[in-house]
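Read the figures in this text as sums done on the coordinates, not as results from a lab. For clarity, every value in this text was computed on a predicted model and none was experimentally measured. Note: ideal-geometry Cβ built from the backbone for every residue, glycine included; neighbour counts use all protein chains shown.
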């Protein structure tokens, strides 16, 4: 695996782990996933039919905020193919700062759930494609599907980049590990665990800038901005 791919794998796995961490907190505190929304869409439909309109609005609002987060990433980053520019690092730092500030100034029981969905939507829009491979870091459904296809192609002895299989498997395991750490953190520190998540995103932003700058100096990364 080339240095650029190895560096991107590390960063992506770190972010997948943070998503697993956040999603575990969302389920434990709000009984609502915040990093993927297939189940939330179904739950909002059920709540609407059953006349539980408060539940419907709470869950459906997370879908809207996740969408707005994705729109924000698309507007800021402009392009689908990964290009290691400064904006990625700035957005990671923004997520970390936003988590920290919202934890202190927004009621955890009201409004914070939507903030989490928005930030996860932003994160999920950071790395859209890399060398033709779709990269998602806030859920694993697409990753499982893609990895299955790559493995199937490999078993059929068709051309398949083995590094893509390793890449996706590592992301999935990272998300799983993040869920474990998030659950353990919640049982130990309660809602203060969001501060650990904030520190994680801030650290990932600084790590990104270190990786990016080293890559530029060594000539292994080429950035448009």
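Here is how the numbers come out for the structure above:
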quantity	calculated
Per-residue [θ]222 nm for the chain (sum of -39500 (n - 2.57) over DSSP H runs n ≥ 4, rounded to 500)	-25500 deg cm²/dmol
For the stretch 104-178 versus the stretch 1-77, the gap between their alpha-carbon centres in whole angstrom	11
Angle in degrees between helix 3-30 and the longest Cα principal axis of the chain, rounded to the nearest 10	10
Taking 82, 175 and counting other C-beta atoms within 10 Å, the order from fewest to most	82, 175
Residues 59, 135, 68 arranged by fewest to most Cβ contacts within 10 Å	68, 135, 59
For the stretch 40-146, convex hull volume per residue from C-alpha positions, Å³	106
Calculated SAXS-style log₁₀ I(q)/I(0) at q = 0.16, 0.18 Å⁻¹ - the stretch 107-223, Debye, Cα scatterers	-0.98, -1.14
Footprinting exposure proxy for 66, 10 (fewest neighbouring C-beta atoms within 10 Å first)	10, 66
Two-decimal ratio, the chain, of alpha-carbon radius of gyration to 2.2 N^0.38 Å	1.04
On Cα atoms only, tilt of 141-155 relative to the major axis of the chain in degrees	30
